[in-house]
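Comments concern the structure below.
The values are calculated or read from the model by the stated rules, or taken from the named source; none is laboratory data. Computed from a predicted model, the values in this text were never measured in an experiment. Cβ atoms come from the backbone with ideal geometry, glycine included; neighbour counts cover every protein chain shown.
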Amino acid sequence: MKDFLNRFFHNKLAVTGSIILLLFLLMAIFAPVLAPYDPFYMDSSAPLAPPSAAHLLGTDNMGRDILSRIFYGARISLRVSLVSVTIATVAGVFLGVAAGYFGKLTDGVISRILEIMFAFPEVLLALLIMSILGPSLNNIMIAIGIVYTPIFARITRGAVLSVKDSLYVEAARSIGVKDSTIIVRHILPNILSPILVQVTLSLAFAILSEAALSFLGIGVEPDVPSWGIMLNNGKAWIEIAWWVGVFPGIAIALAVLGFNVLGDGLRDVLDPRLRNVED
């Protein structure tokens, strides 16, 4: 752990990504303190007001303060990304371990299911699931979690196949250690690196997916201060009030950048080949 932390804090990408995400996390946690207005408050005297001292990022067509809605929108985006990726990670790792470790019929059935899911574009599959479940915050987290499950399953399966015939695993089998114990104590600890990297990258994709679904009108409820909803609202006013859509778009871009940079940094930190070169 000490070696990992030392490598992490000496990696510029990992530190930069962590700082960006920490700022968004603080923004989400302290939104009630930082936001100058209630995100639902409508100032009838200032619809589509440009950025000013009263409204630093302007207002939308209903007079709602954009800065305040971006602060509260961070809560929605981070919550959706964290919950959905947790769902995808748990389900994907379970399926990937089962397919890779037990093989044969189990691997065949799981692999065919994953191939069917991979045949659908991610957004199309999410649209299909949302059309069945209906638009809501909980349903969008479930939908995105299902969409990204095959990615974690494929990565986990490949990692398990690379270590399941290792000497330490064979030794554990030879003395009668249960399969469940071998998986928990010997398999999972040795395949965490690629999974952790994929988690950070999927968190970025989950934010984009939530924004895309909300932009299309089938994500969260229309009155929720979501970045995707704000983008959808801004497209109608882009020619006369660019700030309505541009600032939420910048927030999405920065959050995605933070997760991607952190993922690249983690990949470098956890890559044993780079570690050997440095040593």
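Can you confirm whether Phe40 is within 30 Å of Ile240 (Cα to Cα), surrounded by fewer than 17 Cβ atoms within 10 Å (Cβ to Cβ), in contact (Cβ under 8 Å) with a residue 60 or more places away in the chain and not β-branched (Val, Ile, Thr)?
For Phe40, the condition - within 30 Å of Ile240 (Cα to Cα), surrounded by fewer than 17 Cβ atoms within 10 Å (Cβ to Cβ), in contact (Cβ under 8 Å) with a residue 60 or more places away in the chain and not β-branched (Val, Ile, Thr) - is met.
Just the residues that are under 18 Å from the mean Cα position of the chain (by Cα) and of a type in the set (D, E, K, R), please, taken from the stretch 218-234.
Correct list: empty.
Does Arg75 satisfy being surrounded by 15 or more Cβ atoms within 10 Å (Cβ to Cβ) and either farther than 30 Å from Gly245 by Cβ or at pLDDT 90 or above (or both)? Spell out how you get there, then give the answer.
Details: surrounded by 15 or more Cβ atoms within 10 Å (Cβ to Cβ): yes; either farther than 30 Å from Gly245 by Cβ or at pLDDT 90 or above (or both): yes.
The answer is yes for Arg75.
Quick one: which of Ser162, Ser166, Ser77 is more than 24 Å from Ile187 (Cα to Cα) and either in contact with a Gly (Cβ under 7 Å, 6 or more places away or on another chain) or among the polar types (S, T, N, Q) (or both)? Give the derivation first.
Working: Ser162 fails: more than 24 Å from Ile187 (Cα to Cα); Ser166 fails: more than 24 Å from Ile187 (Cα to Cα).
Sole residue among the options that is more than 24 Å from Ile187 (Cα to Cα) and either in contact with a Gly (Cβ under 7 Å, 6 or more places away or on another chain) or among the polar types (S, T, N, Q) (or both): Ser77.
Find the residue count for the stretch 11-34, including only residues that are of a type outside the set (Phe, Trp, Tyr) and within 15 Å of Ala74 (Cβ to Cβ).
Of the residues in that region, 13 qualify.
What do you reckon, is Ala49 modelled with pLDDT of 90 or more, within 14 Å of Trp243 (Cα to Cα) and crowded, with 17+ Cβ neighbours inside 10 Å?
It is true that Ala49 is modelled with pLDDT of 90 or more, within 14 Å of Trp243 (Cα to Cα) and crowded, with 17+ Cβ neighbours inside 10 Å.
Which numbered condition trips up Leu25, out of (1) of a type in the set (A, V, I, L, M); (2) touching a helix residue (DSSP H, G or I) at 6+ places or on another chain (Cβ under 6 Å); (3) touching a residue at least 24 places away in the same chain (Cβ under 8 Å)?
(2)
Report those helices (runs of 4 or more DSSP H) wholly inside the stretch 1-102 carrying at least 3 residues which are small (Gly, Ala, Ser).
12-29, 66-102
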